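Undergrad: What follows is a single structure, and I will ask about it in a moment.
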Amino acid sequence: MDDEGASAVPGAGPASQLLLGLARLGQAVRIDARRNAGVHNLSPLQADIVGHLGSAQVPLRQGELVEALASTAPTVSDAVKALRRKELLVVSADPGDARVLRLALSDAGRAEAARLAEVSPTLAGAVDALGEEDFAAMLRGTVALMRELQQRRAIPVSRMCVTCRFFVPDAHPAATGRPHHCNFVDAPFGDAALRVSCPDHQPREV
Ligand code: SF4
């Protein structure tokens, strides 16, 4: 990041300002999640587990949740116990190893996942206020930052276009406004449609 010109204005440099801004956005999302605890009084981690199992659409091992949510085994274990008490999870033995349990959503859990998938009016309204170009640039920058942090093992790898075997970046002329191509649906798309979590993602072989 070029710090040129930073001394002309007060305050910390541009990189710090960006990180502060991202922290504020994260804070807004966390506050919103606390307000959206619902009838089951879900903690943010419990909501993340319900949301992750809802988008995975297949039963997952507890260890997979720990990895996907960048948490710790004891923390996820406590949240899973609470969700089982709330009857939002069903547990079955892993066919490959009877000692390992797999977690899936109960009917009530699926209803919670559907409720949580709806973006709150506060956050949706703020995003809607962005112009098209700002939206695309912000999504592109978010994907680039996430990829960098994944490569530094600071956050878990997620089901993003840029790690997907179906993704062909810059397959079409930039002038079309939809330079990328998704081979899964065989369609072009632009930065504003980049996915950071896609149910049809398949990891690219390294
Ligand atoms: S399948 Fe999903 S993640 Fe993969 S390129 Fe298409 S939209 Fe992106």
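The values are calculated or read from the model by the stated rules, or taken from the named source; none is laboratory data. Predicted model, so just to flag it, every value in this text is computed and none were measured. Note that we place each Cβ from the backbone using ideal geometry, even for glycine, and neighbour counts take in every protein chain shown. Calculation scope for accessible area: heavy atoms of the full protein, side chains included, ligands and nucleic acids excluded. Shrake-Rupley method; radii C 1.70, N 1.55, O 1.52, S 1.80 Å.
Undergrad: Which distance in Å, rounded to a whole number, links the C-alpha centroids of segment 68-131 and segment 171-206?
TA: 27
Undergrad: Now for a different question. Please compute, for the alpha-carbon atoms of the chain, the extent along each of the three principal axes and give them in descending order in Å.
TA: 58, 43, 32
Undergrad: By how many degrees, between 0 and 90 and to the nearest 10, does the Cα long axis of helix 44-56 differ from the longest principal axis of the chain?
TA: 90
Undergrad: Another one. For a quick check of understanding: with a 1.4 angstrom probe and all protein chains in place, what accessible area in square angstrom does Ser16 have, to the nearest ten?
TA: Ignoring ligands and nucleic acids, Ser16 comes out at about 50 Å².
Undergrad: Send over a whole-number figure in Å² for the accessible area per residue of the chain, probe 1.4 Å.
TA: So the chain comes to 66 Å² accessible per residue, rounded to a whole number.
Undergrad: Need one word for segment 14-117: rounded, prolate or oblate. Basis is the Cα gyration tensor (sqrt eigenvalues a ≥ b ≥ c); a/c below 1.5 gives rounded, then a/b vs b/c decides.
TA: The shape class here is prolate.
Undergrad: What full-extension length gain, to one decimal in nm, is calculated for Asp170 and Ala126 as 0.36 nm per residue of separation minus the Cα-Cα distance?
TA: Value of the extension gain: 12.9 nm.
Undergrad: Listed highest first by mean packing, meaning other Cβ atoms within 10 Å per residue, what order do 174-181, 108-115 come in?
TA: Ranking, from highest mean packing down: 108-115, 174-181.
Undergrad: GNM, the chain, Cα, under 10 Å: largest mean-square fluctuation among Gln27, Gln62, Gln17?
TA: Judging by the Gaussian network model, the answer is Gln17.
Undergrad: Binning at 10 Å from 0, report for segment 130-193 what percent of all alpha-carbon pair distances ends up in each bin.
TA: 21, 47, 28, 3
Undergrad: If you don't mind, there's one more thing I want to ask. If I compute solvent accessible area with a 1.4 Å probe over the protein chains, what percent of it on the chain is carbon and sulfur?
TA: Answer for the chain is 56 percent, counting heavy atoms of protein chains only.
Undergrad: To the nearest 10 Å², what's Glu118's accessible area with a 1.4 Å probe?
TA: Its heavy atoms expose roughly 130 Å² to the probe.
Undergrad: For every helix of n ≥ 4 consecutive DSSP H residues, a contribution of -39,500 (n - 2.57) applies; sum these over the chain, divide by its total residues, and give [θ] at 222 nm rounded to the nearest 500 deg cm²/dmol.
TA: Theoretical 222 nm ellipticity from helices: -14500 deg cm²/dmol.
Undergrad: On to the next question. Only Cα pairs within less than 10 Å get springs; with that Gaussian network setup on the chain, which residue of Ile49, Ile155, Ile31 has the largest fluctuation?
TA: Most flexible of the set in this elastic network: Ile31.
Undergrad: Compute the helix-to-body angle for 14-35: its Cα long axis versus the longest principal axis of the chain, expressed 0 to 90° and rounded to tens.
TA: With both axes taken from Cα atoms, the answer is about 30 degrees.
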